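Scroll down for the structure; my scribbles are underneath it.
Bear in mind these aren't lab numbers, they're just calculated from the coordinates by the rules spelled out. Please read all numbers here as calculations on a predicted model, not as lab measurements.
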Amino acid sequence: MDERMMNLEVKVAFQEHQIGELNEVIREMADRIEELQRDLRALVHTVSSQEKLGDQKNERPPHY
């Protein structure tokens, strides 16, 4: 019985350790996703601004 209890305690300790490591990885990934989303929004804004400027450059001047 003691050996079975010790085996269970070892398994629980291992699982708790693994859960802690996985939780840390998930937190890091969530932070990275947020950073990438901010970068994407900034890029979309930049491209949108450039497209608007490009449309204005292609217009004929009013004296034509």
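Can you classify the stretch 1-49 as rounded, prolate or oblate using the Cα gyration tensor, where a ≥ b ≥ c are the square roots of its eigenvalues, rounded means a/c under 1.5, and otherwise it's prolate if a/b beats b/c and oblate if not? Cα axes put the stretch 1-49 in the prolate bin.
Residue separation times 0.36 nm, minus the C-alpha to C-alpha distance between Asn7 and Val47: what's the value? List each step's numbers first, then the result.
Numbers: separation 40, 0.36 × 40 = 14.40 nm, distance 5.90 nm.
Roughly 8.5 nm would be gained on extension.
Derived scalar couplings between HN and Hα for the stretch 38-53 equal 4, 4, 5, 4, 5, 5, 4, 4, 5, 5, 4, 5, 5, 5, 5, 5 Hz in order, rounded to whole Hz, by the Karplus curve 6.51 cos²θ - 1.76 cosθ + 1.60 (θ = phi - 60°), x for Gly and Pro.
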